[in-house]
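The values are calculated or read from the model by the stated rules, or taken from the named source; none is laboratory data. Worth saying up front: this structure is predicted, and the values here are computed from it rather than measured. Note: ideal-geometry Cβ built from the backbone for every residue, glycine included; neighbour counts use all protein chains shown. Quick note on the areas: whole protein, heavy atoms, side chains included, nothing else; ligands and nucleic acids left out. Shrake-Rupley method; radii C 1.70, N 1.55, O 1.52, S 1.80 Å.
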Amino acid sequence: SIASADMDLNQLEAFLTAQTKKQGGITSDQAAVIAKFWKNHRTRIHESLINQSRWDNVLKNMNWRVDLKSQLRHVDQINTPVAIVEMELGKNGQ
């Protein structure tokens, strides 16, 4: 929750306080350790989550076409355009 919300120090303190008061939550010592860890590693954790969750930004290939149906069982479906798009994505450097 802390990492996905990219909490600042005020949000972190409020969140950890709520977690210590919740039944079955964390202890105040655990909250202090989590707060210290987050303060020291927030940037690296946030960058790691972004890198893991985004699509690679390389479009290797793209093909597209528009087809028109000329024969069907039902007359109302004739000349209905259908777009077909094929995209090939890849990782940087691969």
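Summary of values
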quantity	calculated
Candidate set: the range 42-62, residues that are surrounded by 10 or more Cβ atoms within 10 Å (Cβ to Cβ), more than 20 Å from Asp6 (Cβ to Cβ) and not β-branched (Val, Ile, Thr); chosen: the one modelled with the lowest pLDDT	Asp56
Tally of residues being of a type in the set (Lys, Arg), over 21 Å from the mean Cα position of the chain (by Cα) and either surrounded by 10 or more Cβ atoms within 10 Å (Cβ to Cβ) or modelled with pLDDT under 80 (or both) across the range 63-93	2
Positions within the range 15-30 being farther than 11 Å from Ile2 by Cβ and either in a helix (DSSP H, G or I) or open to solvent by less than 100 Å² (accessible area, probe 1.4 Å) (or both), in sequence order	Thr17, Ala18, Thr20, Lys21, Gly24, Gly25, Ile26, Thr27, Ser28, Asp29, Gln30
